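In what follows, a structure is listed as structure tokens, so that the remarks can point back to it.
The values are calculated or read from the model by the stated rules, or taken from the named source; none is laboratory data. Note that this is a predicted model, so its numbers are computed, not measured. Positions of Cβ are backbone-derived with ideal geometry, glycine not excepted, and every protein chain shown enters the neighbour counts.
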Ligand code: B12
Ligand code: SF4
């Protein structure tokens, strides 16, 4: 295979950023996969330039002008930014590839702007793209592996990309790691509800942890596993075999059902400092929170006790909730969450507005069938800036009233004060205060209040929410332009719109049927470095 000049861009944010929180934290939210792709490309002898975009870099000047192939990793909120980057790079003669959550959720749309759109990505998929490396326009190729990869390069192999990324984080430096992919649970709204659980190689994890102790006095590791600790003993054994007790600070997303007291004790001994369990709903998903059939206030009380127990072992707990699920009705779910905050005052609440990310979950087909998905530009689909599913049991103004009431309560000074006092160690305490007063707490309250005001006063916006028009209200169009900064001028025509029912339509008549690598297996194997020939 010829040696290629490649650029890889990891979009951690959706446009230029100036906030203090962004400066301190954004580099810590870098993804694993762009680094993995970099490691695979270099191992195959290609020349790689890597950029983690945290909102403070100038993309046109930091991406070398003479690269042949550009990989972009993007969440849906960064889709418009990604489309603009692809357009810019294509104008310089490069071929472009999109991977990440947006590519998995909206391949039909992304294929209009990228030459390749990747679903599940393993080394074979990347090698196929590198071998083909041709423009596919006007509609790009949608390639996918049959499932999640069974092995990924560890921290040691990704270090060349991790190091410059973390150099952008002034104080707290969190190294991203993965112990598993997929999840055995089936929460209907989740992208991993139908992806089989797959543990990764524990030898790689052991080696990575030892390696990190040569780089930092006390490393910090953020596990990106969809649900950390499903194979709890295997993970703990690996950590205990690799490093002395409590010598690395760990952060993980884990479901409450995995956090019984013996597990908490072991997590504490091994240095776990932050845990992010998903509670999601007071009426549903009891298996995940180990509350079985309990609902309403009974579930609130049991979960609050559990969260308080967790905080005796783990200093920082963030509890995740989804607002606007179909099981919710009236004020009760919101009031129950306030009650939960009273009963578990140390937990930081993270709220997501119910969102249907394209083909992320089979449940989204139901929303599309029912005509409940609104075409908000991708830029707003980050669980907060827009809710693209019409709530089943609320009119929009009422829904926003409830969301505002809950947000105001959660980030009111008495509740911030209680959270401060209930959290014992210094960094978690102050982290909670900073999150509350920054864009996450106060900022969202301001934003929701503005949307609520406009639901009464901005006729065009209200009609858009009600589904009476698909013409994008000025308010949203202006925000995308402002947020994209100089890259706005590279946004292709029509790229603000998408078909919110593309998944449903594609089920009936596939437009961009994904090419599975296994379908091309009659071609010579990748080990021989000769990859399948793709259609042009
Ligand atoms: C860990 C995680 C995080 C971490 C780390 C994020 C990160 N930079 O990777 C943190 C906590 C920081 C985070 C933040 C957010 N997250 Co998050 N997060 C996850 C989680 C739990 C796991 C994702 C993961 O890393 N899996 C492991 C990787 C290896 O597998 P994968 O994602 O399936 O990727 C495969 C392919 O997509 C491909 N691939 C992935 N990336 C790339 C990149 C390139 C270049 C290529 C070629 C291929 C490729 O290869 C992989 C192997 O097959 C998922 C939920 C889930 N259960 O998956 C949500 C999820 C990805 N997050 C989501 C959201 C909405 C967010 C936030 C917007 C939340 C918020 N309001 O702040 C932010 C956005 C952060 C950002 N960078 O823009 C959504 C994304 C939906 C979407 N279409 O955008 C998900 C799916 C959850 C959901 N709501 O359903 N998140
Ligand atoms: S436990 Fe978490 S990762 Fe697993 S299906 Fe439910 S929401 Fe998704």
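Quick test for you: out of 180, 193, pick the one residue that is within 11 Å of ligand 1 (Cβ to nearest atom), without any contact (Cβ under 8 Å) to a residue 60 or more places away in the chain and either touching a helix residue (DSSP H, G or I) at 6+ places or on another chain (Cβ under 9 Å) or farther than 24 Å from residue 232 by Cα (or both).
180
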Which of the residues that make up the stretch 3-44 are farther than 21 Å from residue 152 by Cβ, touching a residue at least 40 places away in the same chain (Cβ under 8 Å) and assigned to a helix (DSSP H, G or I)? 20, 21, 23, 24, 25, 26
Criterion violated by residue 251 - all others in (1) away from ligand 2 (no atom under 16 Å from the Cβ); (2) more than 21 Å from residue 149 (Cα to Cα); (3) surrounded by fewer than 23 Cβ atoms within 10 Å (Cβ to Cβ) satisfied: (1)
Which of the strands (runs of 3 or more DSSP E) found entirely inside the stretch 78-185 contain at least 2 residues meeting this: farther than 26 Å from residue 221 by Cβ and in contact with a strand residue (DSSP E or B) (Cβ under 9 Å, 6 or more places away or on another chain)? 95-99, 116-118, 141-144
Across the stretch 186-203, what is the total count of residues that are under 28 Å from residue 284 (Cα atoms) and either buried (at least 21 other Cβ atoms within 10 Å of the Cβ) or out of contact with any strand residue (DSSP E or B) (no Cβ under 6 Å at 6 or more places or on another chain) (or both)? 12
Exactly one of 208, 203 is more than 21 Å from residue 273 (Cβ to Cβ), more than 16 Å from ligand 2 (Cβ to nearest atom), at pLDDT 95 or above and touching a helix residue (DSSP H, G or I) at 6+ places or on another chain (Cβ under 9 Å), and that residue is 203
Among the residues of the stretch 503-536, what is the count of those that are under 23 Å from residue 147 (Cβ atoms), in a helix (DSSP H, G or I) and at pLDDT 80 or above? 3
If a residue must be more than 16 Å from ligand 2 (Cβ to nearest atom) and surrounded by fewer than 23 Cβ atoms within 10 Å (Cβ to Cβ), how many such residues does the stretch 261-282 contain? 11
Which residues, taken from the stretch 220-234, are more than 16 Å from ligand 2 (Cβ to nearest atom) and not in a strand (DSSP E or B)? 233, 234
Conditions (1) exposed (fewer than 13 other Cβ atoms within 10 Å of the Cβ); (2) in contact with a helix residue (DSSP H, G or I) (Cβ under 8 Å, 6 or more places away or on another chain); number of the one not met by residue 478: (2)
